[in-house]
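Structure first, then comments.
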Amino acid sequence: MTRKLHIFQHVDFEGPALIGEWARKFNHDISTTRFFAGDPFPDMASFDMLIVLGGPMGVHDTRQHLWLEAEIDYLKKVMAEQTPILGVCLGAQLLAKALGASVYSGKHKEIGWLPIELHQKSFPVELQRFLPDDPVVFHWHGDTFDLPANSVALASSAATPNQAFLHGDRVIGLQFHLETTKEAIISLVDNCSDEIDNSPYVKTATQMLADIQHIEGNRILLDGILEYLNNRI
């Protein structure tokens, strides 16, 4: 069945990547709100699932990005409608904020391919068959969030205790980028290279591009999550 997938995009260089590939594979309709271009919020009746992408800004940067407060309020309304939502990186932080959790600078930045620990028994049964044993995922974040109330922690890492959460049965926030591709990495490096430093959990651009073998494993988990949310429509 064709679904209507709507994407919140915060900067031109962070697009849906593998999420878009999944949607096109199943002939789902895709629409986009490009906040960086001044697009208006969509009618909530116009989509079946919402994807909230990442961006270099933080949830508190409301003076520089006037749409942030309105986006958080909008997310509250979408969740009240029981619409499935996937938030990625900044998107997960915005969801956490909308759910009343604190969002703040993490103790460590995480940039590049780094391992996480999945809390396998916390995942819905339908998702457990997609979970890899030793996941290595792509990160690019300095902020983090507390686990929202009435949510389940799904993943953690050595640097960041809260890497993913499930709220109810149709809101998932991922601090990491399962959707990433080689092209997406190059785009992030081109636009955010000033964030690459000698911190303990920050990889070089060369290291990031040398480890792209992890992309296909990430795709399997991403596709499983998207199908799980699709089944909640």
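Where a number appears in this text, it was derived from the coordinates with a stated rule and is not lab data. Predicted model, so just to flag it, every value in this text is computed and none were measured. All Cβ positions, even for glycine, are placed from backbone atoms using ideal geometry, and neighbour counts span all protein chains on display.
Filter segment 26-58 down to residues that are among the aliphatic types (A, V, I, L, M) and assigned to a strand (DSSP E or B) and give me whichever is farthest from Lys4 (Cα to Cα).
Step by step, filter segment 26-58, then rank; the result is Val52.
Filter segment 82-126 down to residues that are under 22 Å from Glu227 (Cα atoms), surrounded by fewer than 20 Cβ atoms within 10 Å (Cβ to Cβ), in contact with a helix residue (DSSP H, G or I) (Cβ under 9 Å, 6 or more places away or on another chain) and touching a residue at least 24 places away in the same chain (Cβ under 8 Å), then give me how many there are.
Going through segment 82-126 one residue at a time, the tally reaches 2.
Considering only segment 119-233, give the helices (runs of 4 or more DSSP H) lying wholly within it that have at least 1 residues that are within 29 Å of Ala45 (Cβ to Cβ) and in contact with a strand residue (DSSP E or B) (Cβ under 8 Å, 6 or more places away or on another chain).
Details: elements: 125-128, 182-192, 205-210, 215-230.
Answer list for segment 119-233: 215-230.
Mind counting the residues in segment 203-230 that are touching a residue at least 40 places away in the same chain (Cβ under 8 Å) and over 19 Å from the mean Cα position of the chain (by Cα)?
4
How many residues are closer than 19 Å to Pro16 by Cα and in contact with an Asp or Glu (Cβ under 9 Å, 6 or more places away or on another chain) when one looks only at segment 180-222?
The qualifying residues number 8.
Can you name the residue in segment 59-81 that is acidic (Asp, Glu), out of contact with any Phe, Trp or Tyr (no Cβ under 8 Å at 6 or more places or on another chain) and assigned to a helix (DSSP H, G or I) and is also surrounded by the most Cβ atoms within 10 Å (Cβ to Cβ) among such residues?
Glu69
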